[in-house]
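> Quick one: the structure is below, and I'll ask about it shortly.
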Amino acid sequence: MTSLGNTSQAGTFTDPIPARAGIGLRSVHHQALLDQRPPIGWIEAHTENYFHDGGAAVRALERARSIYPLSLHGVGLGLGSVDGLDREHLARVKRAIDRFEPALVSEHACWGQSGGEFFNDLLPLPYTAEAVSLLSSHIAQAQDFLGRRLLIENVSAYVAFEHSTLHEWDFLAAVARESGCGLLLDVNNVYVSSRNLGIDARAFINGLPRESVGEIHLAGHARVTTPDHGEVLIDDHGSSVCDEVWELYRFAIARLGARPTLIEWDTHIPALATLVDEARRADAVLEDCHVIAA
């Protein structure tokens, strides 16, 4: 399988992440990961959890980083916010990048603040040319400051904007083209949005520029029933990847080729072995892609 890493300004690869499955690093697994060293391809950590200078969590990430390639995944920049970039937050992200030297750095296509108020959520954007311009400008500024290319993730959605003029995949393709960023394809988010909003999940994947997709996320979701809207899927990262998402993942890999793939599990976190088993299942799909391509 090929490896996909983050290119430095000199154009060389730094600790490339292999096109294999990795897992999110969670505090409950720190010691088990270091003791057992399971055969996973890489690890991903939430950037904001490691802004501080010391402590057990930082030491655990430093040790894990010496064993596995690392991706840092941010949730707090709110790059689509009309207020502009939070420069203090961005500086903290840069310090984390400089300290841990991740191969990949990612964020979300969303907004999260307005009028100085922070909402602590990944809020969807309207898919318009104006939003493309705003998000692209903020991504380009962030990349210039960080000295790194960002991967931008599609978020799950529960409502749609009436004044959107673009499909989400066309919106993301335009952002990648205008800002020079890459894309992080969250297959579970595609599936959740497709069920909630009636989006064609395969058309979404087919509409993304193949060369821009640098990472894939897989996760579980919850199903709730509401009086007004019937069944709604909630992206809670609290269970195994369902069969329908696995099927959509196989479709994505067949179309895009092998990509570093993360198993996300952020709530109701199981034993480390369960995450490793999910990663092995993703690796089997990636290996099938590799065999077919050969």
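The values are calculated or read from the model by the stated rules, or taken from the named source; none is laboratory data. Source: prediction; values computed, not measured. All Cβ positions, even for glycine, are placed from backbone atoms using ideal geometry, and neighbour counts span all protein chains on display.
> Looking at PHE204, PHE251, which is the one that is modelled with pLDDT of 95 or more, over 24 Å from ARG26 (Cβ atoms) and in contact with a Lys or Arg (Cβ under 9 Å, 6 or more places away or on another chain)?
Every option except PHE251 fails the conditions.
> On to the next question. Look through PHE204, PHE251 and report the one residue that is more than 18 Å from VAL159 (Cβ to Cβ) and assigned to a helix (DSSP H, G or I).
PHE251
> Oh, and also: Considering only region 254-280, state which residues are part of a helix (DSSP H, G or I), surrounded by 17 or more Cβ atoms within 10 Å (Cβ to Cβ) and out of contact with any helix residue (DSSP H, G or I) (no Cβ under 7 Å at 6 or more places or on another chain). Talk me through it step by step, then tell me what you get.
Restricting attention to region 254-280, the residues satisfying the condition of being part of a helix (DSSP H, G or I) are 254-256, 272-280.
From what is left, the residues that are surrounded by 17 or more Cβ atoms within 10 Å (Cβ to Cβ) are 256, 272, 275-276, 278-279.
Correct list: LEU275, VAL276, GLU278, ALA279.
> Taking LEU233 as the residue in question, decide whether it is surrounded by 13 or more Cβ atoms within 10 Å (Cβ to Cβ) and under 15 Å from ASP186 (Cβ atoms).
In short, yes.
> Is there a residue in region 195-214 that is acidic (Asp, Glu), at negative phi and in contact (Cβ under 8 Å) with a residue 12 or more places away in the chain?
Taking every residue of region 195-214 in turn, none turns out to be acidic (Asp, Glu), at negative phi and in contact (Cβ under 8 Å) with a residue 12 or more places away in the chain.
> Among the residues of region 93-102, is any of a type outside the set (Gly, Ala, Ser) and not in a helix (DSSP H, G or I)?
yes
> Identify, from the list GLN9, GLN36, the residue that is modelled with pLDDT of 95 or more and surrounded by fewer than 19 Cβ atoms within 10 Å (Cβ to Cβ).
From the options GLN9, GLN36, the qualifying one is GLN36.
> Could you identify the single residue in LEU85, LEU90 that is under 26 Å from VAL175 (Cα atoms) and assigned to a loop (DSSP other than H, G, I, E, B)?
LEU85
> Which members of region 157-187 meet the condition of being part of a loop (DSSP other than H, G, I, E, B) and buried (at least 23 other Cβ atoms within 10 Å of the Cβ)?
Once the filter is applied, which keeps residues that are part of a loop (DSSP other than H, G, I, E, B) and buried (at least 23 other Cβ atoms within 10 Å of the Cβ), region 157-187 yields only CYS181.
> Oh, and also: Give the residues of region 59-90 that are surrounded by fewer than 17 Cβ atoms within 10 Å (Cβ to Cβ) and either under 27 Å from THR261 (Cα atoms) or not β-branched (Val, Ile, Thr) (or both), sorted by residue number.
Answer for region 59-90, where residues must be surrounded by fewer than 17 Cβ atoms within 10 Å (Cβ to Cβ) and either under 27 Å from THR261 (Cα atoms) or not β-branched (Val, Ile, Thr) (or both): ARG59, GLU62, ARG63, SER66, ILE67, ASP83, GLY84, ARG87, GLU88.
> Can you find, within region 66-115, the residue that is nearest to the chain's Cα centre (by Cα) among those that are over 13 Å from LEU134 (Cβ atoms) and acidic (Asp, Glu)?
GLU107
> Moving to a separate point now. Within region 200-222, is even one residue closer than 23 Å to ALA103 by Cα, surrounded by 19 or more Cβ atoms within 10 Å (Cβ to Cβ) and acidic (Asp, Glu)?
Here is the first cut: in region 200-222, the residues closer than 23 Å to ALA103 by Cα are 208-219.
Restricting the remaining residues to those that are surrounded by 19 or more Cβ atoms within 10 Å (Cβ to Cβ) gives 208, 212-219.
In the following step, the residues that additionally are acidic (Asp, Glu) were identified as 215.
Within region 200-222 (the criterion being closer than 23 Å to ALA103 by Cα, surrounded by 19 or more Cβ atoms within 10 Å (Cβ to Cβ) and acidic (Asp, Glu)), the answer is yes, since at least one residue qualifies.
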